[in-house]
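First comes the structure, then the notes that go with it.
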Amino acid sequence: AGLRSYFADAALHLVQAVGLRLTDEKLQEEFFEAAKKKLAKNSLKRVVCVGEGDVGTVALALSADSGKTQPAVLTKLVSGALPDYPGLNIGDVREYPEECSVDYTIDVIASSTVLPDGTHSDIRDGSSFLKELNSPAFVEQFTKSMQELKVNVEMAEVFPAECRSLCQLEFTLDWDAPINATSEDMLDGVCFIYNGSQLLQVMDYRHSVSDEDKEGDNREAALLGRAIGRAMHHGGDSVSSTGGQHRIAMDLNALPLSVTDLYFVLAASGQTTSGPRDLSNFRNTRVTIHDVVLGRLLTEYKIAQSEQAQAKVMCRLSRDPDHRKWVVHGMGLPTEGGVKNYEPIKTLLAEKQAGYLRWERRKHLVCLRVLWKQRRMSEAATNEFALLFKQILKLPLPAFQCLVKLF
């Protein structure tokens with residue numbers, strides 16, 4: 001109430017967001033006419049304005065013989081066209097060619113949809129999208145979408161789209177060292193490699209792929225280890241007094257078919273006066289995954305400094321059993337264990353992989369149910385067990401699912 005006198009002469013003036021205002025066709029026509037008077041005769045060919053929210057861009061197409069235009073003139077034209085925005089911040093004037101090439105990348109996650117009859121549609125992957133991107137209808141639809149945004153441009157396909165599997169990845173871990181850090185204080189990005197419920201190997205900063213759960217050396221295990229070593233490589237530890245970086249490079253297509261899951265774990269190493277270091281002792285911890293071919297960032301994961309865990313399971317790459325496609329699952333599970341003690345981590349991951357064991361116990365019963373529903377089984381035996389088994393296969397789906405969960 002004491003400040004009411006300060007607002008005696010106040011006035012409220014509402015205006016559109018500048019990005020929305022720039023898309024007004026009438027404004028663009030007025031700007032075009034004003035610019036023609038200020039610029040060299042017959043030099044202005046077109047004006048295109050785009051914007052969203054509080055940001056926008058004004059583009060002027062000038063003829064090649066128009067001569068050099070003073071940036072101050074263009075800046076004054078923009079501010080004059082928007083008198084309702086006295087505090088408008090106008091950026092630097094930049095010159096571009098009339099025709100420009102736009103490169104784009106589309107990430108396609110292969111998937112299928114459930115149809116009304118309960119079956120699944122054909123899988124949609126990169127090859128199916130490729131046909132659509134290279135069709136004339138795509139260019140027409142893209143041009144139409146730009147025109148709906150008040151951008152009157154002419155689109156043309158210069159190079160046809162290409163499709164490749166996203167298989168060559170690089171997993172990078174960066175961190176800043178704790179205060180009063182020693183040579184033992186570091187983080188490591190560790191990859192646990194599974195075949196179903198069986199842990200095949202662990203890849204860590206020691207540059208080696210170690211065979212964890214095999215009893216004794218044998219030729220098959222050695223061949224598997226070499227195959228994984230060719231497909232994945234840990235870059236070792238690059239550590240200084242201020243921080244460090246670890247890299248794991250992988251070619252998913254080169255992994256043996258027996259590999260079903262890859263778990264990426266962030267683990268701490270070192271000691272404090274109160275016990276082992278945890279993730280909260282390290283600052284600015286960041287995990288990124290890049291597409292090696294294009295050098296493009298796919299995902300980024302930052303670890304909060306308040307996390308009191310010695311390790312964290314960040315994500316899992318799993319191979320879809322039906323379509324052999326790799327799928328990323330975010331996890332973010334804190335756990336005990338560290339660089340020199342993987343046992344608690346392996347215990348947690350074993351629980352996550354237990355589904356493969358359950359499937360091994362259930363699959364024969366489920367397959368028989370499918371054969372029964374497809375009328376590919378004939379009734380022959382008449383003993384009590386056969387009759388009981390027939391009744392089990394005839395159970396309604398919810399009841400059958402409840403029964404299978406017991407295995």
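Note on the chain: with charges restricted to the Cβ of Lys and Arg (+1) and Asp and Glu (-1), its dipole about the Cα centre is near 980 debye. Springs join every pair of Cα atoms under 10 Å in this Gaussian network model of the chain, and among ALA249, ALA227, ALA72 the largest mean-square fluctuation is at ALA72. Between the listed residues ALA40, LEU82, SER63, the Cα displaced farthest toward the positive end of the dipole of region 36-112, a dipole computed from Cβ unit charges relative to the Cα centre, is found at ALA40. Mean residue ellipticity, 222 nm, helices only, the chain: the sum of -39500 (n - 2.57) across DSSP H runs of n ≥ 4, divided by residue count and rounded to 500, is -8500 deg cm²/dmol.
With only alpha-carbon atoms in the gyration tensor, what are the semi-axes of the equivalent ellipsoid for region 5-115, in Å, largest first?
Details: eigenvalues 202, 157, 30 Å².
For region 5-115, the semi-axes come out at 32, 28, 12 Å.
Per residue, how many Å² of accessible area does the chain show with a 1.4 Å probe? Could you put the intermediate results ahead of the total?
Numbers: 26960 Å² over 407 residues.
Ligands and nucleic acids excluded, the result is 66 Å² per residue.
For the chain, the fraction of 1.4 Å probe accessible surface lying on carbon and sulfur atoms is 53 percent.
Using a 10 Å cut-off on Cβ atoms, rank the peptides 141-147, 376-382 from the highest mean neighbour count down. Don't skip to the answer; put the middle values down first.
Values: 141-147: 13.1, 376-382: 8.6.
Top of the packing list down: 141-147, 376-382.
Diagonalising the gyration tensor over the Cα atoms of region 39-80 and scaling each eigenvalue by 5 before taking the square root yields semi-axes of 21, 12, 7 Å, largest first. Students often get this wrong, so check it: of LYS373/LYS405; LYS302/LYS352; LYS352/LYS405; LYS68/LYS144; LYS363/LYS390, which have C-alpha atoms separated by over 26 Å? Among LYS373/LYS405; LYS302/LYS352; LYS352/LYS405; LYS68/LYS144; LYS363/LYS390, the Cα-Cα distance tops 26 Å for LYS68/LYS144. Converting the Cα gyration tensor eigenvalues of region 1-48 into ellipsoid dimensions via √(5λ) gives semi-axes, longest first, of 41, 13, 7 Å.
Modelled spin labels at ALA221 and PHE389, positioned 7 Å past Cα toward Cβ, are 3.7 nm from each other. Past the 37 angstrom mark, what percentage of all C-alpha to C-alpha distances in the chain do you count? The calculated P(r) of the chain puts 54 percent of pairs beyond 37 Å.
Dimensions of region 266-407 along the principal axes, based on C-alpha atoms and rounded to the nearest Å, stand at 72, 43, 23, largest first. Over all Cα atoms in region 349-390, the spread is summed up by Rg and Dmax: 14.5, 45 Å.
The values are calculated or read from the model by the stated rules, or taken from the named source; none is laboratory data. Quick caveat: nothing in here was measured; it's all calculated off a predicted structure. Here Cβ is always computed from backbone atoms with ideal geometry, including for glycine, and neighbour counts include all displayed protein chains. Ligands, DNA and RNA are excluded from the accessible area calculation, which covers all protein heavy atoms including side chains. Shrake-Rupley method; radii C 1.70, N 1.55, O 1.52, S 1.80 Å.
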